[in-house]
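Inspection log for the structure reproduced underneath, given as structure tokens.
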Amino acid sequence: MRGDEEVEIIHPGWAIAELATNQLFGWIAGSNREPLQQLIAPVTTRLGTAYLAHVPAKDRARRRALPQQRRAQLSVEAILEASLQLLDDGGYDKLTTNRIAERAGVNVALVYRYFAGKESIVATLLELAAAQTETAFADAITQTRGLPLVDGLRAIVAALSATPSPNVHRALVEHVDAASRRPLIDALRARLLHRFEQFLHRHANEIRPLDDPAAAMFVLEHALEAVTHAIAFYRPNSLTAQRAIDVTVDLVMRYLAPAR
């Protein structure tokens, strides 16, 4: 395979139909294809809708092709950026491939070349967000190594609750299953928990003996996940993120600190 080739993932029938249609009209119009591309657009949109109606939900969450050429990569980046903007503007329910194509400035057929549906786009955004979260979590622990437990906890909570867009963050968290990425998130949670356990172990001299460490870790894991999500996208305007982080850290420290 050459380095500039694109890798077809699933449902090549759509790509074949699109290619055949474009070749047919290209043959008729010669080099002047722009007017006919505008004519084709509504047709490809209807074909895409009909195509999705027969695709199982689990397949709509899969990538169709991986871009290799720089031009193709830029197209995918534009599609993903447009999707982020639309999620920020109107949430998941108003996200459609037609709106994505319009915002990205591409034909909807190009969206379907790389993504089987909006679920696939959201799945890709989730994968990117998961990687960013893991990096931020690791950085928080690394940058506070050698500092007191409270400083490490504050950095961790801040990293998990940080978000460039509360609306996008909420849409991604609430549609993990729609995007068929529950295994991805479960695996991420397990890795973060392992790092958090190691972090607490390094601060064992600052933590009281726990009667049931397994139960304690279960509660801490889910409590921190819930509260950091709440800070990220459920927090009222009257409450600053920093204040919410400080209160969260205070609660955890009150639980973990040795009795005086």
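Among 112, 255, which comes first, second and so on when ranked by fewest other beta-carbon atoms within 10 Å? Present the calculation step by step, with values, prior to reporting the outcome.
On the way: 112 26, 255 14.
Ascending number of Cβ neighbours within 10 Å: 255, 112.
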Kindly provide log₁₀ I(q)/I(0) values, in the same order as q = 0.22 Å⁻¹, from the Debye equation applied to equal alpha-carbon scatterers of the range 121-256. -1.48
D_trans [Stokes-Einstein, Kirkwood Rh over alpha-carbon pairs] for the range 74-170, 37 °C, 0.692 mPa s, µm² s⁻¹: 220
Can you compute the charge dipole magnitude of the range 121-256 about its Cα centre, using +1 on each Lys and Arg Cβ and -1 on each Asp and Glu Cβ, nothing else charged? Give it in debye, rounded to the nearest 20. 200
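Report Rg(Cα)/(2.2 N^0.38 Å) for the range 185-260, keeping two decimals.
It is 1.21.
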If the only charges are +1 at each Lys and Arg Cβ and -1 at each Asp and Glu Cβ, what is the size of the charge dipole of the range 172-246 around the Cα centre, to the nearest 20 debye? 260
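Here, each number is a calculation from the coordinates, and none is a lab measurement. Computed from a predicted structure; not experimentally measured. Neighbour counts are summed over all protein chains in view; Cβ atoms, including those assigned to glycine, are modelled from backbone coordinates with ideal geometry.
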